[in-house]
Amino acid sequence: MVDYELIKLPYAYDALEPHIDAETMEVHYSKHYAGYLENLKKAPEFDPTKSIKELLTTVQAPAVQNNGGGYYNHTQFWLMLTPNSAKKPSGELLKAIESKYKTFEDFQKEFTQAGLTQFGSGWAWLVKKKSGLEIIKKPNQMHPDLQEATPILGLDVWEHAYYLKNQNRRADYIKSFWEVVNWDYAAQQFLLK
Ligand code: MN3
């Protein structure tokens, strides 16, 4: 991935229908995601010689953390979705999930709960740390600590991610999210050092 460019969506805006609607995807990608990158580039503390991970771990200025976080989180998020979801992880990732959470369904419940209970805007993440898998919540566009955690799966629970279709029903949106998770990408992330 080239940093500081919008990634090309690997599917059409309407590809995740009926789970995530085309209008939401278009506004989310072309307005919100693009906006974070635009504002990141305007931040006085922005340093394009650093990778996005380096930038987020070394420059604490709010304009960089908020907009850089928004850029990074969404870049991951688009790749974590697919119209051809396997609906369930497999291989090493499934083994790791089952050893930590007992069953995939138990993991799903706990991750869903993290998304539901993130008060206001934010994200739920499944990350891999040295100590193993962990489900975390982050407010606003705060990103997982990239020095110690590799994001495996991320769920955007900002209202802009679901309000057009689901209005206030975040639970319905999270149900839809499970239909379009890209478990192949998650498995690749899991295998990263
Ligand atoms: Mn968003």
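The values are calculated or read from the model by the stated rules, or taken from the named source; none is laboratory data. In this text the structure is predicted, and so the values were computed from the model without any measurement. So basically every Cβ, Gly included, is an ideal-geometry build from the backbone, and we count neighbours across all protein chains shown.
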If you check Ser85 against the conditions, is it among the polar types (S, T, N, Q), more than 16 Å from the ligand (Cβ to nearest atom) and surrounded by 14 or more Cβ atoms within 10 Å (Cβ to Cβ)? yes
Name the helices (runs of 4 or more DSSP H) wholly inside segment 106-193 in which the number of residues that are away from the ligand (no atom under 15 Å from the Cβ), more than 24 Å from Ser30 (Cα to Cα) and in contact with a Leu (Cβ under 8 Å, 6 or more places away or on another chain) is 1 or more. 170-179, 183-191
Take the conditions among the hydroxyl-bearing types (Ser, Thr, Tyr) and over 15 Å from the mean Cα position of the chain (by Cα) and apply them to Thr117. Does it pass? yes
Test of understanding: among Gly91, Gly35, Gly68, which residue is buried (at least 17 other Cβ atoms within 10 Å of the Cβ) and either out of contact with any Cys (no Cβ under 8 Å at 6 or more places or on another chain) or at pLDDT below 95 (or both)? Gly68
